[in-house]
Ligand SMILES: Cc1cc2nc3c(=O)[nH]c(=O)nc-3n(C[C@H](O)[C@H](O)[C@H](O)COP(=O)(O)O)c2cc1C
């Protein structure tokens, strides 16, 4: 049985968490980055396929490699963040299914001969894992700055050599500088977004 978390934790994860545009000058060490991964990897994916792959850019040199592919308004947000993660997925994730889904290793064959299904599955589950990543980072007291304003193909060439790993979105992590945040935008109400049948 799952236990509900308390109200303060719900604020941390959702109600008070904001997408950050500016960062305090506080480092995020590798131990914390590993702790985010160790939490997020438990989030569910179909057939436990776990297609997400992450590249953590922590040095100025590493972030300089990303810079040419960023939309102009994202450059400072990345360069000033302690860490920027490239959240990607492996289109050949199914090679690891025998390891990840040991009670049914043949599940690999669902995807290995079906490029369209593999692509959809990698994107769907990789995106979910990107969301788990943000929730895990917030749970550990960090802030996130997700971004899709960049040249995916350029990033794939630079960081993944045009192989089977494809970038999805970027997410800076660190401790947000609240002066960089604009007023919270509204969200759709339950009635606008949901049906109960
Ligand atoms: C997948 C994704 C891509 C985004 N891309 C950008 C971006 O390229 N540049 C940017 O400044 N903000 C970007 N954002 C931030 C959104 O505008 C922000 O999350 C949204 O307005 C909600 O803001 P809040 O979390 O502070 O309420 C992105 C967010 C997500 C989840």
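Here are a few things to note about the model shown:
- GNM flexibility winner over the chain from 170, 57, 100 (Cα, springs under 10 Å): 100
- The calculated 222 nm mean residue ellipticity attributable to helices in the chain amounts to -10000 deg cm²/dmol, summing -39500 (n - 2.57) over DSSP H runs of n ≥ 4 and dividing by all residues.
- Between the beta carbons of residue 193 and residue 6, assuming R0 = 30 Å, the FRET efficiency works out to 0.70 to the nearest 0.05.
- Part-to-part distance (alpha-carbon centres) for the stretch 149-174 and the stretch 40-105, which is given in Å: 8 Å
- Residue order for 63, 77, fewest other beta carbons within 10 angstrom first, comes to 63, 77.
- With neighbours defined as other Cβ atoms within 10 Å of a residue's Cβ, the residues 110, 23 order from fewest to most as 110, 23.
- Full extension of the chain between residue 26 and residue 184 gives 54.5 nm of extra length, using 0.36 nm per residue less the Cα-Cα distance.
- Three-way shape label, the stretch 7-177, alpha-carbon gyration tensor, a/c 1.5: oblate
Bear in mind that the values in this text are calculations on the coordinates, not laboratory data. Just so we're clear, the structure is a prediction, and the values are computed from it rather than from any experiment. Glycine also receives a Cβ, built like all others from the backbone with ideal geometry; neighbour counts cover every protein chain displayed.
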